[in-house]
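Asker: Have a look at this one.
The values are calculated or read from the model by the stated rules, or taken from the named source; none is laboratory data. Not measured: the values here are computed from a predicted model. When we count neighbours, we look across all protein chains shown, and the Cβ atoms used for this are built from the backbone with ideal geometry, even at glycine. Surface areas here come from the heavy atoms of the whole protein model, side chains and all, with no ligands, DNA or RNA. Shrake-Rupley method; radii C 1.70, N 1.55, O 1.52, S 1.80 Å.
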Amino acid sequence: MSEKILVVAETKDGELRNVSFEAIAAARKINAGGEIVGVICAAEDANDLAQELIYYGADRVVTVQHDNLKSYTSEGFGQAILKVVDEESPDGIIMGHTSIGKDLSPKLASKLNTGLVSDAVDVELVGDQVVFTRPIYSGKAFEKKIITSGISFVTIRPNNISTLERDETRTGDVASIDVDVKDLRTVIKEVVRKTSEGVDLSEAKVVIAGGRGVKSADGFKPLYELAEVLGGAVGASRGACDADYCDYSLQIGQTGKVVTPDLYIAVGISGAIQHLAGMSNSKVIVAINKDADSNIFNVADYGIVGDLFEVIPMLIEEFKKV
Ligand code: FAD
């Protein structure tokens, strides 16, 4: 397929987000003999991050460094990436389907006058055509798409494509491009985080999600304990958020976050279609519900019919032994 693919890396708190490495792996799947160029926008020196992209499979990395790239704005990052695209003339662009990717990719696609396949869960080479798979109808079906002209621009859903093995023997050029990032109409003055510290929900390998069955904010405490034991993050149904048991930033589903962890434990969640839209692509789903007829059991790989207030402490105790 493509000769050259740009992978737009994403950082959080100065670290590369895992989806950046997944995007490199996606690029490699469809571009075995071609070149993969990582792109990092930052306010400070990004050489270490660039090296990390190379260890994970990028052939070389282009960094854009400017004070106005300290916090993400679509205008600032847009200017930087458009300049890189202009200089590199890539055949494809891949970035994460994160809140930044969702905001930035359509704006870039429009400026580049090209199409966009968003939220792909897989990319593959079929013959000489790149085929993108993406969920539709709230995850009830999948469609396969090909891009027939222009730049192949795609965002990939986090946690769906395995990263390549980190290889510290890999080497590659790191170059910096000067871009005068200016005339920003939006300036980020302060970032107020709503979610607690710990594992990022949208990239967590294990998610413990609580629903209205958890019954109170206090009822969520054992879920946090279980998440800590398993190294995971806590999420919630909208039912739990509406009832004020937790913050809306934890909501998973059609109008919340989409997660695809290795393990999803649904606790006291009935399995409404809008909730399933955000988690049904998880690799292994475990449901804990006292109602054996609950719809969540229709998507669960393993089900525990029982009272969550008895089951969760038992799980914590058992997992602590492992
Ligand atoms: P319930 O449906 O009330 O289920 C609670 C479950 O807990 C029940 O199955 C019950 O058996 C079980 N339970 C109770 N006590 C215990 C116990 N002690 N032990 C074990 N189990 C117990 N919802 C989302 O989640 N995400 C979305 O993004 C979303 N978007 C929406 C968008 C629209 C436009 C609309 C109309 C709705 C949306 N909803 C969304 C809401 C959705 O339809 C459901 O109302 C919601 O998911 C229900 O949350 P729940 O499963 O926690 O609550």
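Asker: What does the charge add up to near VAL64, with Lys and Arg as +1, Asp and Glu as -1, over the other residues with Cβ less than 9 Å from its Cβ?
Answerer: Net of charged neighbours comes to 0.
Asker: Could you give the accessible area per residue of the stretch 1-157, probe 1.4 Å, as a whole number in Å²?
Answerer: 41
Asker: Return the loop-located GluC sites (Glu not before Pro) in the stretch 135-191 (DSSP other than H, G, I, E, B) with at most 12 other Cβ atoms within 10 Å of their own Cβ; answer none if there are none.
Answerer: Counting only loop positions with at most 12 other Cβ atoms within 10 Å, the GluC sites (Glu not before Pro) in the stretch 135-191 are GLU165, GLU168, GLU190.
Asker: What fraction of the DSSP beta bridges in the chain is antiparallel, stated in percent and rounded to the nearest 5?
Answerer: In the chain, approximately 20 percent of DSSP beta bridges are antiparallel ones.
Asker: Ok, one more. What is the magnitude of the charge dipole of the stretch 130-232 about its Cα centre, with +1 placed on the Cβ of each Lys and Arg, -1 on the Cβ of each Asp and Glu, and no other charges, expressed in debye to the nearest 20?
Answerer: 740
Asker: Here's something else I'd like to know. Given the pairs LYS182/LYS257; LYS29/LYS70; LYS29/LYS111; LYS4/LYS145; LYS4/LYS29, which are separated by over 24 angstrom at their Cα positions?
Answerer: Check vs 24 Å cut-off fails for LYS182/LYS257; LYS29/LYS70; LYS29/LYS111.
Asker: Quick one: dipole size for the chain, taken about the Cα centre, charges +1 on Lys/Arg Cβ and -1 on Asp/Glu Cβ, in debye to the nearest 20.
Answerer: In total the dipole reaches around 920 debye.
Asker: So which lysines can LYS215 reach, going by Cα to Cα under 17 Å and dropping same-chain residues fewer than 8 places off?
Answerer: LYS290
Asker: Can you send over the carbon and sulfur percentage of the accessible area for the stretch 111-228, probe radius 1.4 Å, protein chains only?
Answerer: Looking at the stretch 111-228 in its full context, I get 46 percent from C and S.
Asker: About its Cα centre, how strong a charge dipole does the stretch 232-313 have in debye, to the nearest 20, once Lys and Arg get +1 and Asp and Glu get -1 at the Cβ?
Answerer: With only Lys, Arg, Asp and Glu charged at Cβ, the dipole is about 260 debye.
Asker: Only helices at least 30 Å long along their axis, Cα-based, and averaging -0.5 or more on Kyte-Doolittle count here, so list those DSSP H runs from the chain.
Answerer: For the chain, where a helix must reach 30 Å along its axis and average at least -0.5, there are no hits.
Asker: Relative contact order of the stretch 214-294: what whole-number percent is it, with Cα pairs under 8 angstrom and at least 6 residues apart?
Answerer: Value for the stretch 214-294: 24 percent.
Asker: Here's something else I'd like to know. Under a crude label model (7 Å from the Cα following the beta-carbon direction), how far is GLU165 from ARG60 in nanometres?
Answerer: 2.7
Asker: Further, regarding this structure: Note down the relative contact order for the chain as a percent, whole number, built from C-alpha pairs under 8 angstrom at least six residues apart.
Answerer: 15
Asker: For the stretch 42-158, what does the relative contact order come out to in percent, with C-alpha contacts under 8 Å and a separation of six or more?
Answerer: Worked out over the stretch 42-158, it gives 24 percent.
Asker: Taking the alpha-carbon distance from LYS221 and a cut-off under 20 Å, which aspartates and glutamates remain once sequence neighbours fewer than 8 residues away in the same chain are dropped?
Answerer: Counting by Cα, and skipping residues close in sequence, LYS221 has these aspartates and glutamates nearby: GLU197, ASP200, ASP242, ASP244, ASP247, ASP307, GLU310, GLU317, GLU318.
Asker: Another question, if that's okay. All other residues with a Cβ under 9 Å from the Cβ of ASP200 taken together, and with Lys, Arg as +1 and Asp, Glu as -1, what is their net charge?
Answerer: Here the count lands on +1.
Asker: Please report the spacing between the Cα centers of the stretch 125-143 and the stretch 1-53 in Å, no decimals.
Answerer: The distance from the Cα centre of the stretch 125-143 to that of the stretch 1-53 comes to 22 Å.
Asker: Let me ask you something else. If you add up the charges near LEU125, with Lys and Arg at +1 and Asp and Glu at -1, over every other residue whose beta carbon is less than 15 angstrom from its beta carbon, what do you get?
Answerer: -1
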